[in-house]
Amino acid sequence: TCALPISGAGIALVTLALLFLANKRLGLSTGFEDLCSLALPLPYFGRKAVVSGRPWRLPFLAGLLLGGFVSAVLAGGWSPTLALGLFDERIGFGVAGKLAWMFVGGLFIGFGTRLGNGCTSGHGVCGLGRGSRRSFVATLTFMGTGMLTVALAHLKFFARRRSTCVRRFSRRAYGSIS
């Protein structure tokens, strides 16, 4: 459909307008810190880098939520679900297990965001657009790590029948996986 190119162009326009008109960089991790600063009066969340962007960042975050809501309504609705398809079939966690899985995944994402000094949107969209070498390395790292994680999870949990080549490679590289 044409929604993806339109969405990509919209992200590019917002990112460029923010950069050229306000000299601000787009990234969602700082926006999350900004939301946390409203609820948690900790010195970490009171940093100038967080609170100085509040006048534009909070309306931007509200716009993201509103845009998602409008998109769902226009597409015919949305209902929350914990049905995770193949994950449920192969791993079989109950509701509590899936929520714990998601919570731990969120912790890893938060840790990686702090370790990489920014989130995927900040490095991948804004940093690459500015030609930042640090963002290029960060983007290669999180994309490569994500691909490797998916490949290993697929080999371990989701592959029904692995080809002979994949079985030999996985045994040689990772030991017995099955």
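Annotations
- Residue that is least open to solvent (accessible area, probe 1.4 Å), among those in the range 128-162 that are in contact (Cβ under 8 Å) with a residue 24 or more places away in the chain and not β-branched (Val, Ile, Thr): 158
- Out of 47, 25, one residue alone is open to solvent by 60 Å² or more (accessible area, probe 1.4 Å), more than 30 Å from residue 154 (Cα to Cα) and within 19 Å of the chain's Cα centre (by Cα). It is 25.
- Residue 113 being among the β-branched types (Val, Ile, Thr), assigned to a helix (DSSP H, G or I) and at pLDDT below 90: yes
- Among the residues of the range 1-38, those identified as within 28 Å of residue 71 (Cα to Cα) and small (Gly, Ala, Ser) are 3, 7, 8, 9, 10, 12, 17, 22, 27, 29, 31.
The values are calculated or read from the model by the stated rules, or taken from the named source; none is laboratory data. The model shown is predicted, which means the values in this text are computed figures rather than measured ones. Don't worry about glycine lacking a Cβ; one is built from the backbone with ideal geometry, like all the others, and counts go over all protein chains shown. To get the accessible areas, we keep the full protein, side chains included, count just its heavy atoms, and leave off ligands, DNA and RNA. Shrake-Rupley method; radii C 1.70, N 1.55, O 1.52, S 1.80 Å.
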